[in-house]
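Enquirer: Handing you a structure now.
What follows draws every value from the coordinates through simple rules; no lab data is involved. Just so it is clear, the structure is predicted and the values come from calculations on it, not from any experiment. With ideal geometry, Cβ positions are generated from the backbone for all residues, glycine too; neighbour counts draw on all protein chains shown.
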Amino acid sequence: MFVSETSLFSADTIRLRILSVEGALWYTDISPTISIEELTTLAVGHFYDQTDKTKFPAKYRLIHVPSKRCLEDEKTVTDEELRTNGE
């Protein structure tokens, strides 16, 4: 899955655009303090059937497209320097 920053709607949230490996888009407003692991879990839950036991969030990684790097699960959105309009 790929992460891209988009416009900011609130001072307390960051709007991210997440792209699945199949090409589906999900726009979400999230807290900058959420962990990458939590964000991955939310994204997998959004894109895939939650009753499908083969879709474990631990099997997926978020990639920050502009910097071409894999985001670390232990870090927060702020730690990974994801910002609105950062592209």
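Enquirer: Hey, does region 68-82 have a residue that's among the hydroxyl-bearing types (Ser, Thr, Tyr), closer than 25 Å to residue 12 by Cβ, more than 11 Å from the chain's Cα centre (by Cα) and surrounded by 12 or more Cβ atoms within 10 Å (Cβ to Cβ)? Even if it seems obvious, please write down each step before you answer.
Expert: From region 68-82, those among the hydroxyl-bearing types (Ser, Thr, Tyr) are 76, 78; that's our starting set.
Imposing the further condition that a residue be closer than 25 Å to residue 12 by Cβ reduces the set to 76, 78.
Cutting the leftovers down to more than 11 Å from the chain's Cα centre (by Cα) gives us 78.
Narrowing the set further to residues that are surrounded by 12 or more Cβ atoms within 10 Å (Cβ to Cβ) leaves 78.
Within region 68-82, one or more residues are among the hydroxyl-bearing types (Ser, Thr, Tyr), closer than 25 Å to residue 12 by Cβ, more than 11 Å from the chain's Cα centre (by Cα) and surrounded by 12 or more Cβ atoms within 10 Å (Cβ to Cβ).
Enquirer: Provide a single number: the residues in region 18-55 that are surrounded by 11 or more Cβ atoms within 10 Å (Cβ to Cβ), part of a loop (DSSP other than H, G, I, E, B) and not basic (Lys, Arg).
Expert: Number satisfying all stated conditions: 7.
Enquirer: In this structure, does residue 64 turn out to be surrounded by 12 or more Cβ atoms within 10 Å (Cβ to Cβ), on the phi < 0 side of the Ramachandran plot and free of Cβ contacts under 8 Å to residues at least 40 places away in the same chain?
Expert: Numbers: surrounded by 12 or more Cβ atoms within 10 Å (Cβ to Cβ): yes; on the phi < 0 side of the Ramachandran plot: yes; free of Cβ contacts under 8 Å to residues at least 40 places away in the same chain: no.
No: the conditions fail for residue 64.
Enquirer: Can you tell me how many residues within region 56-81 are over 13 Å from residue 20 (Cα atoms) and in a loop (DSSP other than H, G, I, E, B)?
Expert: Total meeting the criteria: 14.
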